[in-house]
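Any read-out appearing in this document is the output of simple, stated calculations on the displayed coordinates, not a laboratory observation. Everything numeric in this text was worked out from a predicted model, so none of it was measured. Glycine gets a Cβ as well: all are built from the backbone with ideal geometry, and neighbour counts include every protein chain shown.
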Amino acid sequence: MLAALCLGGSAAAQHWYDNAVIYEIYPRSFQDTNGDGIGDLNGITERLDYLKQLGVDAIWITPFYPSPNKDFGYDVSNYVDVAKDYGTLADWDKLVAEAKKRNIRVLVDFVLNHTSDQHPWFLESRSSRTNPKRDWYVWRSGGGPTEPPTHWTSIFGGYAWTWDAKTQQWYYHIFLPQQPDVNWRNPELRKAMYDVVRFWLDRGASGFRLDATPYLFEDSKYPDDPHPPPASRAGLMPYNSGRPENHEVLREMRAILDGYEGNPVMLGESVTATIADLRKVYGENYDEIQLPMDFLFADLKTLDAAKFKKQVDAAQLDLGKGTPVFFLSSHDHPRQWSVFGDGVHNDEIAKLTAALTLAQRGTVLLYYGEEIGMGTMPRAELKKAPIGEKRPVADIRDGERTPMQWDAGGNAGFSTGAPWLPVETDYRKYNVASEKRRADSIYSWYAGLLKLRHDNAAFREGEYVPLDAGNANVFAFGRRTVAGEAALIVLNPSGEEQKVRITGWPGGWPGFSKLLEASPAAKAPGGSGFSVAPFGVVIAGVR
Ligand code: NOJ
Ligand code: CA
């Protein structure tokens with residue numbers, strides 16, 4: 001009993017999502033089925049068996065709504081349809097039905113902070129000051145055409161206000177001018193957004209990834225900022241984010257989800273400055289976002305055992321009953337193979353960062369291609385990629401959005417046509433087909449870890465046990481169920497072999513049962529003191 005009290009993370013998995021691996025798919029780049037060089041929903045359906053075999057529990061598909069693509073789908077012009085590029089609503093229905101057969105849930109990316117400036121709601125809103133939808137967006141007069149209402153900056157650069165010459169007012173946008181923020185204070189807008197939630201739940205979605213959740217409300221006093229921050233730091237200002245009004249909306253949305261069978265989930269793009277702020281995103285009574293993404297962890301960019309421990313301990317120990325959400329790569333983050341790689345040992349390091357997330361208690365997000373060691377396309381290579389109809393704008397994030405590498409054939413098996421973005425040059429080495437054949441590949445390592453999360457009780461339900469490795473270059477932690485099934489995870493993010501002596505196991509060191517996974521291949525350690533290879537990982541059962 002005493003030992004149980006000493007354990008870390010509090011709540012064992014209760015819902016499907018508490019221990020899920022959610023695989024993020026950038027649909028434009030996953031699988032093209034009609035040869036136009038653009039991935040589509042049917043392509044995802046075709047690859048469901050692959051995802052099942054890998055062992056994912058759910059997929060999150062980034063926006064596939066009709067959109068002028070100023071921000072590749074994050075500028076929505078119709079919330080209740082599928083863009084022609086990606087298919088039809090019937091294709092969506094088929095995808096959900098096929099996913100269900102394989103016990104894979106599908107999450108829709110709900111862009112609820114802003115619409116496209118081409119959305120009919122905004123076209124109406126901007127048509128006149130007296131239009132009934134005027135108040136669905138955030139309009140202010142400021143000091144006329146040259147003086148915005150405040151000097152707040154947009155996350156994408158420039159002022160967060162754009163002047164509308166026709167109606168002689170400014171509208172607010174935390175992102176691009178083509179992404180006007182909606183006004184969540186307006187009850188009709190709110191209702192319209194909740195109808196979107198119901199539309200996708202009725203059509204088989206198992207929940208949502210909620211875009212840009214910190215920004216739903218602005219300070220209604222619109223205080224000026226005499227020292228407007230640069231775009232890179234505009235995201236978390238007290239006047240534009242994390243406002244108390246957010247909670248009410250998220251509670252209302254959660255109540256809608258809770259009215260549906262199967263525990264639909266909200267996975268929040270919940271950027272916060274501190275772990276205490278992240279705790280608040282779950283709601284005081286855990287009745288808001290079930291899975292707020294931990295950006296404090298995701299923003300780790302260096303191989304550093306102490307930083308890993310600090311951020312993991314915080315996520316595991318300081319979020320109350322909340323389920324932590326770990327990820328390192330996304331359509332907004334350069335890929336981890338490149339970020340952490342030293343240019344020589346990238347594959348070993350990719351296995352280490354995989355274990356860093358996948359061995360945790362909580363929900364883990366994988367970004368398509370992470371499991372085969374896809375890298376970020378280098379800037380110089382990206383610069384050569386053509387701009388055209390399929391790729392109307394070059395986005396600084398395109399390097400992490402290149403086509404999925406399925407095999408060593410033409411266009412890496414992504415498309416029979418010219419892909420919208422070129423395939424990475426190293427696809428002949430890093431691709432699904434060849435990595436599935438190799439037991440020591442990155443793919444096989446990921447598949448092994450996902451299997452552990454399903455088959456091994458310590459990884460399925462075990463709480464987090466903070467440990468001391470006796471070596472500042474090493475990060476060690478444990479997992480342990482209430483019934484006592486347990487595992488030890490040791491990560492050596494340094495380039496040298498490291499000796500460890502594990503202490504801090506509740507009740508004293510119990511001894512190893514068997515080696516579960518090791519990179520590079522290793523023998524089971526004999527006791528609590530042993531060596532770990534450079535960039536090595538040891539995962540072992542503990543008696
Ligand atoms: C966050 C999304 O992840 C990002 O890709 C997008 O540009 C912004 N929100 C605006 O919607
Ligand atoms: Ca296509």
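Which value results for Rg/Rh of the chain when Rg is the Cα radius of gyration and Rh the Kirkwood radius based on the inverse mean 1/r? The partial results should precede the final answer.
Details: Rg = 23.7 Å, Rh = 24.3 Å.
Reported Rg/Rh, Kirkwood definition of Rh: 0.97.
Taking the Cα centre as origin and putting +1 on Lys and Arg beta-carbons and -1 on Asp and Glu beta-carbons, what dipole magnitude results for the chain, to the nearest 20 debye? It would help to have the intermediate numbers written out before the result.
Details: 59 positive and 69 negative charges, 167 e Å.
Dipole size: approximately 800 debye.
Tell me which residues come under 5 Å, amide H to amide H, from Q169 once H is placed; ignore anything under 5 positions away on its chain.
Correct list: D164.
I'd like to compare 121-130, 62-71: which one has the highest average count of other Cβ atoms within 10 Å, and what's the full order after that? Provide the component values of the computation, followed by the final result.
Working: 121-130: 16.4, 62-71: 21.9.
Top to bottom by mean Cβ count within 10 Å: 62-71, 121-130.
Please report the relative contact order for the stretch 120-172, taking Cα pairs under 8 Å with a sequence separation of at least 6, and give it as a percent rounded to a whole number.
This gives 33 percent for the stretch 120-172.
In debye, nearest 20: dipole of the stretch 199-266 around its Cα centre with unit charges on the Cβ of K, R (+) and D, E (-)? Could you put the intermediate results ahead of the total?
Details: 7 positive and 11 negative charges, 40 e Å.
Dipole of the stretch 199-266, to the nearest 20 debye: 180 debye.
Restricting to Cα pairs below 8 Å that are 6+ residues apart, what does the relative contact order work out to for the stretch 336-403? Please round to a whole percent. Present the calculation step by step, with values, prior to reporting the outcome.
Values: 40 pairs, mean separation 20.0, N = 68.
It comes to 29 percent, rounded to a whole number.
With the dipole of the stretch 94-143 worked out from charges on the C-beta (+1 for Lys and Arg, -1 for Asp and Glu) around the Cα centre, which of S141, V106, F122 lies farthest toward the positive end?
The residue sitting farthest along the positive end of the dipole is V106.
At a 10 angstrom cut-off on C-beta neighbours, averaged per residue, how do the peptides 490-498, 393-401 rank from highest to lowest? Write down the numbers at each step before the final one.
Details: 490-498: 19.9, 393-401: 17.1.
In decreasing order of mean packing, 490-498, 393-401 become 490-498, 393-401.
Could you line up D304, D258 from fewest to most neighbouring Cβ atoms inside 10 Å? Write down the numbers at each step before the final one.
Working: D304 16, D258 10.
Placing the least packed residue first, the sequence is D258, D304.
Starting from the Kirkwood Rh over alpha-carbon pairs, what translational D in µm² s⁻¹ does the stretch 120-172 have by Stokes-Einstein at 37 °C and 0.692 mPa s?
Working: Rh = 11.3 Å.
My calculation gives 290 µm²/s for D.
Taking the Cα centre of the stretch 7-145 as the origin, how large is its charge dipole in debye, to the nearest 20, when only Lys and Arg (+1) and Asp and Glu (-1) carry charge on their Cβ atoms?
Working: 15 positive and 19 negative charges, 86 e Å.
Computed about the Cα centre, the dipole is about 420 debye.
What list of ³J(HN,Hα) values in whole Hz, one per residue of the stretch 460-472 in order, does the Karplus curve 6.51 cos²θ - 1.76 cosθ + 1.60 (θ = phi - 60°) give from phi, with Gly and Pro shown as x?
Computed from phi, the couplings for the stretch 460-472 are 7, 10, x, 7, 7, 10, x, 10, 10, 7, x, 7, 5 Hz.
Charges on Cβ only, +1 for Lys and Arg, -1 for Asp and Glu, centred on the Cα centroid of the chain; of N78, V482, W92, which one is farthest towards the dipole's positive end?
Comparing the listed Cα positions along the dipole, V482 ranks first.
Mind checking the angle between helix 346-358 and the chain's longest principal axis? C-alpha axes, 0 to 90 degrees, to the nearest 10.
Helix 346-358 sits at roughly 80 degrees to that axis.
Within a 10 angstrom radius of the beta carbon, how do Y367, Y260 rank from fewest other beta carbons to most? Present the calculation step by step, with values, prior to reporting the outcome.
On the way: Y367 23, Y260 15.
Listing Y367, Y260 from fewest to most nearby Cβ atoms yields Y260, Y367.
Using a 10 Å cut-off around each Cβ, can you sort F326, F477 from fewest to most neighbouring Cβ atoms? Write down the numbers at each step before the final one.
Values: F326 22, F477 27.
Fewest-to-most Cβ neighbours within 10 Å comes out as F326, F477.
Please determine, in degrees from 0 to 90 and to the nearest 10, the orientation of helix 305-317 with respect to the longest principal axis defined by the Cα atoms of the chain, where the helix direction is its Cα long axis.
70
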